[in-house]
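Participant: Here's a structure for you.
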Amino acid sequence: MANSNLPRRIIKETQRLLSEPAPGISASPSEDNMRYFNVMILGPTQSPYEGGVFKLELFLPEEYPMAAPKVRFLTKIYHPNIDKLGRICLDILKDKWSPALQIRTVLLSIQALLSAPNPDDPLSENIAKHWKSNEAEAVETAKEWTRLYASGA
Amino acid sequence: MTLGSAGSSVVVPRNFRLLEELERGEKGIGDGTVSYGMDDGDDIYMRSWTGTIIGPHNTVHEGRIYQLKLFCDKDYPEKPPSVRFHSRINMTCVNHETGVVEPKKFGLLANWQREYTMEDILTQLKKEMAAPHNRKLVQPPEGTYF
């Protein structure tokens, strides 16, 4: 169901995601909706998320690629640009989206966001405040949450 | 797995659909006589919601504020949410003891389609309050709850 006229571009992108996955990232379409992907991102080394396995979901809206994919974290994460519902503040998912970007670039950008939290453009005010006032402590909390919620168990 | 196999149009999955509804609810709907929001900002599955309906003009409900609880289970929006009034109300489609909106007596839930939203439910219930069989019914005291 729901997969007729799946644009060639989406088919191509999916095939490539499956055959040549980016390091630390996996994305596979769900069986009953080829526009809906189960995504897994490994916490980057040297980041507070190292050792964590983060689950996300991604959906390609009807307008894709003229509109950005919709993505959110399903795994709880302590990060200034990600809110309690897993929504992500990332420019390429909003006004900086371009049809030249792909699912792969989006996921790589999210992985990069884990390595470089940006508390100056926060989605979670409290976490951003914590990050700016006491970065070492905020990083500790992020590590703790990674152990608690993203251990991959 | 076969890519690009049979089917129809684009289906927005449950969670993204509820995120859309959340954002719409946060912006505010129409004239503000119906509204809704999430109960638990930490629930990643966005199951429990509170809706509000302001009683329509020229009915016994005028000026009253009704609170409802909507519960969107894992199978939403294939299946409708369960809907019940928290504020006491006397209405033909609402169970007198529990406040549950009975699907058998409320067409939108009985003939549910996945395109329908919580906004549609609240808007339709508001219309139902103004229907001839409801608009003059004697009501319980204001500010009482099921």
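Participant: Filter the stretch A:26-38 for residues that are in contact (Cβ under 8 Å) with a residue 12 or more places away in the chain and open to solvent by 20 Å² or more (accessible area, probe 1.4 Å); which is nearest to the other protein chains (Cβ to nearest Cβ)?
Facilitator: Once the filter is applied, the top-ranked residue is A:Y36.
Participant: Report, by residue number, each residue of the stretch A:39-68 that is surrounded by 22 or more Cβ atoms within 10 Å (Cβ to Cβ), within 11 Å of chain B (Cβ to nearest Cβ) and outside any strand (DSSP E or B).
Facilitator: Residue satisfying the conditions is A:L60 alone.
Participant: State whether the residues of the stretch A:47-64 include one that is out of contact with any Gly (no Cβ under 7 Å at 6 or more places or on another chain), within 30 Å of A:T141 (Cα to Cα), among the basic types (K, R) and touching a residue at least 60 places away in the same chain (Cβ under 8 Å).
Facilitator: No, the stretch A:47-64 contains no residue that is out of contact with any Gly (no Cβ under 7 Å at 6 or more places or on another chain), within 30 Å of A:T141 (Cα to Cα), among the basic types (K, R) and touching a residue at least 60 places away in the same chain (Cβ under 8 Å).
Participant: Select from the stretch B:79-129 the residues that are surrounded by 15 or more Cβ atoms within 10 Å (Cβ to Cβ), assigned to a helix (DSSP H, G or I) and over 13 Å from the mean Cα position of the chain (by Cα) and list them in ascending order.
Facilitator: Hit for the stretch B:79-129 is B:M129, nothing else.
Participant: So, one more: Would you pick out the residues in the stretch A:24-54 that are within 14 Å of A:I110 (Cα to Cα), among the aromatic types (F, W, Y) and touching a strand residue (DSSP E or B) at 6+ places or on another chain (Cβ under 6 Å)?
Facilitator: Across the stretch A:24-54, the qualifying residue is only A:F54.
Participant: With respect to A:I11, is the statement that it is β-branched (V, I, T), more than 12 Å from chain B (Cβ to nearest Cβ) and not in a loop (DSSP other than H, G, I, E, B) true?
Facilitator: no
Participant: Then there's this: Can you name the number of the only condition in (1) touching a Gly at 6+ places or on another chain (Cβ under 7 Å); (2) under 26 Å from A:D83 (Cβ atoms) that B:R64 fails?
Facilitator: In the conditions (1) touching a Gly at 6+ places or on another chain (Cβ under 7 Å); (2) under 26 Å from A:D83 (Cβ atoms), B:R64 misses (2) alone.
Participant: Could you please find all residues in the stretch B:46-61 being β-branched (V, I, T), open to solvent by 30 Å² or more (accessible area, probe 1.4 Å) and more than 14 Å from B:V34 (Cα to Cα)?
Facilitator: Result: B:V60, single match.
Participant: From (1) in contact (Cβ under 8 Å) with a residue 40 or more places away in the chain; (2) more than 24 Å from A:A136 (Cα to Cα); (3) part of a loop (DSSP other than H, G, I, E, B); (4) away from chain B (no Cβ under 14 Å), pick out the condition that doesn't hold for A:L101.
Facilitator: (1) is the only condition that A:L101 fails.
Participant: Further question on the same structure: Within 29 Å of A:W145 (Cβ to Cβ), among the polar types (S, T, N, Q) and either within 14 Å of chain B (Cβ to nearest Cβ) or surrounded by 16 or more Cβ atoms within 10 Å (Cβ to Cβ) (or both), is that true of A:S19?
Facilitator: So A:S19 fails the test.
Participant: So which residues in the stretch A:109-153 are touching a Gly at 6+ places or on another chain (Cβ under 9 Å), open to solvent by 60 Å² or more (accessible area, probe 1.4 Å) and not in a helix (DSSP H, G or I), if there are any at all?
Facilitator: Answer for the stretch A:109-153, where residues must be touching a Gly at 6+ places or on another chain (Cβ under 9 Å), open to solvent by 60 Å² or more (accessible area, probe 1.4 Å) and not in a helix (DSSP H, G or I): just A:S151.
Participant: Looking only at the stretch B:15-74, which residues are within 14 Å of another protein chain (Cβ to nearest Cβ) and in a strand (DSSP E or B)?
Facilitator: B:G37, B:M38, B:S48, B:W49
The values are calculated or read from the model by the stated rules, or taken from the named source; none is laboratory data. The model shown is predicted, which means the values in this text are computed figures rather than measured ones. Cβ sites come from the backbone with ideal geometry, for glycine too, and all protein chains shown count toward neighbours. Please note that ligands, DNA and RNA were not included when accessible areas were found on the heavy atoms of the full protein model with its side chains. Shrake-Rupley method; radii C 1.70, N 1.55, O 1.52, S 1.80 Å.
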